[in-house]
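J.: Structure in structure tokens, see below.
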Amino acid sequence: MTWLRGDDVRAWASQITTWRVGWKWWLIALSLPLVAAALISGGIFAVRGPVDFGQALPSPLVVTGLFLFTLVLSGGLNEEPGWRGFAQARLNERYGAFNASLIIGVVWAGWHLPYFFAPVTPHSSFPLVNQVGWIGGILTLSVILAWAYNSTGSVLIVMVLHAMANTADVLIPLVPDEILIDGVINERAVGIVTAVHLVVYIALAVAIVAYYGRKSLARGAIPSAADIGGTHS
């Protein structure tokens, strides 16, 4: 699309290798999803949901492998150069950063809808409460990723944050036998997990919007079409 518009492909692509964003943003990208997972785990436990802090966590090798897979093939490199690296900067100018992030979130959720109808994907077996919560999670994560992108101008940092957000969920110590009972999904348990997960991410998104403001979701100048090699939004 960048090439078809006659824009600068090199300028757009350079965002994917922008790594000099300060140690704070690397810390945020790597640790914020872990903090969220801890809060979700505690929240589920507080409402007597299906968690067990006594069970073993996945091995570091499994977690690292999942992170790398997500970084390249399942949410990072295959999505963020488009959602944030192409669309966010252009929509920032027209609608403001917060509204732009929600627009992208709606399109992003719609882009995943075929998953819910293809029987080979896990999404097709989600109960309704999980489907609704999953879409809500897409919208809130879109706000968080827009904040990281607008603050750094780096698609790379957003790829890492996105990959960590996906990976951190496996660290929530859910009890499979309480979610799937005799081959039947326990919708109450799934509803608890979904609701707590959504509440935590909504709280993070609300805090970001309240502190940084709807217009920019950042301090200082934010990426525009011109910054990524575009001639117009």
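The values are calculated or read from the model by the stated rules, or taken from the named source; none is laboratory data. Keep in mind that this is a model prediction, so the values were computed, not measured. When we count neighbours, we look across all protein chains shown, and the Cβ atoms used for this are built from the backbone with ideal geometry, even at glycine. Areas reflect the complete protein model, heavy atoms only, side chains present, ligands, DNA and RNA absent. Shrake-Rupley method; radii C 1.70, N 1.55, O 1.52, S 1.80 Å.
J.: Could you give me the residue pairs with C-beta distances under 6 Å whose first residue belongs to region 1-15 and is open to solvent by less than 40 Å² (accessible area, probe 1.4 Å), whose second residue is of a type outside the set (A, V, I, L, M) and assigned to a loop (DSSP other than H, G, I, E, B) wherever it lies, and which are 6+ apart or on separate chains?
T.: What qualifies is Asp7/Gly229; Asp7/Gly230; Ala11/Gly229.
J.: Does Phe67 meet the test of being within 12 Å of Ala146 (Cβ to Cβ), in contact (Cβ under 8 Å) with a residue 24 or more places away in the chain and surrounded by 16 or more Cβ atoms within 10 Å (Cβ to Cβ)?
T.: Numbers: within 12 Å of Ala146 (Cβ to Cβ): no; in contact (Cβ under 8 Å) with a residue 24 or more places away in the chain: yes; surrounded by 16 or more Cβ atoms within 10 Å (Cβ to Cβ): yes.
No, not satisfied.
J.: For Trp26, are the conditions met, namely being closer than 15 Å to Thr152 by Cα and open to solvent by 70 Å² or more (accessible area, probe 1.4 Å)?
T.: Yes: the conditions hold for Trp26.
J.: Check Ile138, Ile192 and return the single one that is over 12 Å from the mean Cα position of the chain (by Cα) and β-branched (Val, Ile, Thr). Explain how you work it out, then say what you get.
T.: Details: Ile138 fails: over 12 Å from the mean Cα position of the chain (by Cα).
Checking each option against the conditions leaves just Ile192.
J.: Let me ask something additional. For region 1-51, enumerate the residues that are among the polar types (S, T, N, Q) and part of a helix (DSSP H, G or I).
T.: Once the filter is applied, which keeps residues that are among the polar types (S, T, N, Q) and part of a helix (DSSP H, G or I), region 1-51 yields Ser14, Gln15, Thr17, Ser31, Ser41.
J.: Now, a different point. For residues that are of a type outside the set (S, T, N, Q) and touching a Phe, Trp or Tyr at 6+ places or on another chain (Cβ under 8 Å), scanning just region 191-212, find the one that is surrounded by the most Cβ atoms within 10 Å (Cβ to Cβ). Full working, then the answer.
T.: Our first condition is that a residue be of a type outside the set (S, T, N, Q); within region 191-212, this holds for 191-193, 195-212.
This time we only want the ones that are touching a Phe, Trp or Tyr at 6+ places or on another chain (Cβ under 8 Å), so: 208-209, 212.
Values: Ile208: 21, Val209: 16, Tyr212: 17.
Among residues in region 191-212 that are of a type outside the set (S, T, N, Q) and touching a Phe, Trp or Tyr at 6+ places or on another chain (Cβ under 8 Å), the one surrounded by the most Cβ atoms within 10 Å (Cβ to Cβ) is Ile208.
J.: Within region 217-233, is there a residue that is at pLDDT 95 or above and over 20 Å from Gly85 (Cβ atoms)?
T.: No: zero hits.
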